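Engineer: Encoded as structure tokens, here's the structure I'll be asking about.
Every read-out reported here was derived from the displayed coordinates using simple, explicitly stated rules and does not represent laboratory data. These numbers were taken from a predicted model, which means no experiment stands behind them. FYI the Cβ positions are ideal-geometry reconstructions off the backbone, even for glycines, and counts take in every protein chain you see.
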Amino acid sequence: FNASEAKPRTRSAALYTEALEHIVGGVNSPSRSFKAVGGGAPVFMKRGQGAYFWDEDDNRYIDYLAAYGPIILGHAHPHVTSAIVRAAENGTLYGTPTELEIRFARMLKEAIPSLDKVRFVNSGTEAVMTTIRVARAYTGRNKIIKFAGCYHGHSDLVLVAAGSGPSTLGIPDSAGIPVSIAHEVITVPFNDLAALDAALERWGSDVAAVMVEPIVGNFGMVMPKPGFLEGLCSAARRNGSLVIYDEVITAFRFHYGAASTFAGLPEGTDYAAIEPDLTALGKIIGGGLPIGAYGGRAEIMAQVAPLGPAYQAGTMAGNPASISAGIACLEALREPGTYERLDRLSAMLEAGLAEGARKHGIALTVNRIRGALSTHFCDHPVTNYDEAQDTDGEQFAAFFRYMLEDGICLAPSKYEAWFLTTAHTDEDVAYTIEAANRAFARMKA
Ligand code: PMP
């Protein structure tokens, strides 16, 4: 690996120009654009294998993007690949129930005990969107409370920004969302029980659910403070509202199960008191193919059609290819030592990044939770969205670009996490630390 051998990304640039003619913004998801890191052509990748990507100009990168989370086993993991091939050979879509779906549902239930019943969908967005519908159907209420900076996909209700305080209703975060819909959402700061209480005080009788990423993955990796999830759940329950955990990023990320049962939650966590009513899943559980799932208490899930009056359907839902990839991915994750390995490598990375930044006089806060970490260019802790925003975006953009030139692929946003995969090696991490040191030195120069 030698950055001086890096080839100019001329094909990426040309493909981007071409993509702009045909695909809106040149990308199929806005987070893939380089808009947040100064613009220009994103890198067009043509192949992934293990912890590496190759771009269209044949440059190799160590991948910490992991496709925004799903690729926890690295690219083209043989066990997952052969499961997908086998599924494809038997037909990818039937429109009938299959035994595979039962097998996978059982696996999820065994790993996440709060799931009495599940339903498979095609994305995290769909999973979250449906949990809200189900919560509304079950409670007969309309509003939801969510937390600032948590991302829950792009359905109307969750693309709503904070009002000016916990007692104000939301405003649309995107064009095309009616203010009337935004008024069904209240946004409060993460880790702030007083704000949650104030919102419940004001709007409680119409709050169907409190929705949260129990461990945040969308403004960096952020742990709930001790007592936060307990307080959230008890406040919601007192109010007759459901608790929805969005575990699209977090399930199977830190251990073989959900964040809500992860032993690494703050010391003294009362696990029985933080059990959610509904959970949304996605990313890792599809092994790199499109998937989402939601589930929870049987009596609540009984709202869903054909059992109940809340409608949700999907032509592609539970397709044998995605389910097979998901089963294979979870089987591989279940191998002893998986999460210890991710933890060890990311601890090494965290230590190297922190030491490098200190050595070069760069203010850097690293938040790490097992195999996921986030880098915040600031000199304060990051425990909520305000603190994550109050970081140096230009420094991040410079760091991102120096790392890319040096063959390290990060997400092009200061809010996104780095994900270790089981394919990363000690050498990959050591090289990454060297690259970070070179980047810090250039940032100071
Ligand atoms: N919830 C969370 C916590 C997410 O991070 C994401 C995607 N980053 C989603 C929901 C939406 O998932 P998808 O992109 O699969 O629709």
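Engineer: With a cut-off of 8 Å between alpha carbons and a minimum separation of six or more residues, what is the relative contact order of the chain in percent?
Structural biologist: 22
Engineer: Sorting Phe440, Phe419 on the 10 Å Cβ count, fewest up front, what's the list?
Structural biologist: Arranged by neighbour count, lowest to highest, Phe440, Phe419 become Phe440, Phe419.
Engineer: Among Gly282, Gly176, Gly257, which one shows the highest mean-square fluctuation when the chain is modelled as a Gaussian network with alpha-carbon springs under 10 Å?
Structural biologist: Gly176
Engineer: What size of dipole, in debye to the nearest 20, comes out for the range 78-333 about its Cα centre when the only charges are +1 on Lys and Arg C-beta atoms and -1 on Asp and Glu C-beta atoms? Please report the intermediate quantities before stating the final value.
Structural biologist: Details: 18 positive and 23 negative charges, 58 e Å.
It works out to roughly 280 debye.
Engineer: Further question on the same structure: Any idea what the relative contact order of the range 333-436 is, in percent, if you count C-alpha pairs under 8 Å spaced at least 6 apart?
Structural biologist: 29
Engineer: For the chain, modelled as a Gaussian network with Cα springs under 10 Å, which listed residue fluctuates most, Tyr271, Tyr61, Tyr151?
Structural biologist: Top of the fluctuation ranking is Tyr271.
Engineer: Shifting gears a bit: If you add up the charges near Gly227, with Lys and Arg at +1 and Asp and Glu at -1, over every other residue whose beta carbon is less than 14 angstrom from its beta carbon, what do you get?
Structural biologist: With Lys, Arg at +1 and Asp, Glu at -1, the neighbours total -4.
Engineer: Which residue fluctuates the most in the chain, going by a Gaussian network model with Cα springs under 10 Å, if the choices are Ser180, Ser346, Ser155?
Structural biologist: Largest GNM mean-square fluctuation: Ser180.
Engineer: Over the range 78-333, with a single point scatterer placed on each C-alpha, what log10 of the ratio I(q)/I(0) does the Debye formula yield at q = 0.11, 0.12 1/Å?
Structural biologist: -0.56, -0.67
Engineer: A further question follows. Between Ile408 and residues 5 or more places away or on another chain, which pairs have amide H atoms under 5 Å apart, with H built 1.01 Å from N, and which residues are they?
Structural biologist: Ile62
Engineer: Moving on. Divide the volume of the convex hull of the Cα atoms of the chain by its number of residues and quote the answer in cubic angstrom per residue. Working shown, then result.
Structural biologist: Numbers: hull volume 64.2 nm³, N = 445.
Spread over its residues, the Cα hull of the chain gives 144 Å³ apiece.
Engineer: Can you give me the pair-distance distribution of the range 1-124, C-alpha pairs, 10 Å bins, whole percents?
Structural biologist: Pair shares across the bins are 10, 27, 31, 21, 11, 1.
Engineer: Go through Asn28, Asn59, Thr92 and say which Cα lies farthest out towards the positive end of the charge dipole of the range 1-101; charges sit on Cβ, +1 for Lys and Arg, -1 for Asp and Glu.
Structural biologist: Result: Asn59, furthest along the dipole toward the positive end.
Engineer: So what are the radius of gyration and Dmax for the Cα set of the range 366-445, in Å?
Structural biologist: Every Cα atom of the range 366-445 included, Rg and Dmax give 12.7, 36 Å.
Engineer: Give the aspartates and glutamates whose C-alpha is closer than 14 Å to that of Lys225, dropping any in the same chain fewer than 8 places away, or say none.
Structural biologist: Lys225 reaches Asp192, Glu213, Glu267, Asp270.
Engineer: Sticking with this one: Provide Rg and Dmax in Å for the range 53-113, with only Cα atoms included in the calculation.
Structural biologist: My reading of the Cα-based Rg and Dmax gives 16.0, 47 Å.
Engineer: Give the lysines whose C-alpha is closer than 23 Å to that of Lys444, dropping any in the same chain fewer than 8 places away, or say none.
Structural biologist: Lys359, Lys414
Engineer: Additional query: What are the ³J(HN,Hα) couplings of the range 225-232, residue after residue, when phi is run through the Karplus curve with 6.51, -1.76, 1.60 and θ = phi - 60°? Round to Hz, x for glycine and proline.
Structural biologist: Taking θ as phi minus 60°, the curve returns 5, x, x, 5, 5, 4, x, 4 Hz for the range 225-232.
Engineer: Tally Lys/Arg at +1 and Asp/Glu at -1 over every other residue whose Cβ is under 12 Å from the Cβ of Glu275; what's the total?
Structural biologist: -2
Engineer: Might you report the magnitude of the Cβ-based charge dipole of the range 96-200 about its Cα centre, with Lys and Arg at +1 and Asp and Glu at -1, to the nearest 20 debye?
Structural biologist: Numbers: 10 positive and 10 negative charges, 55 e Å.
Computed charge dipole of the range 96-200: roughly 260 debye.
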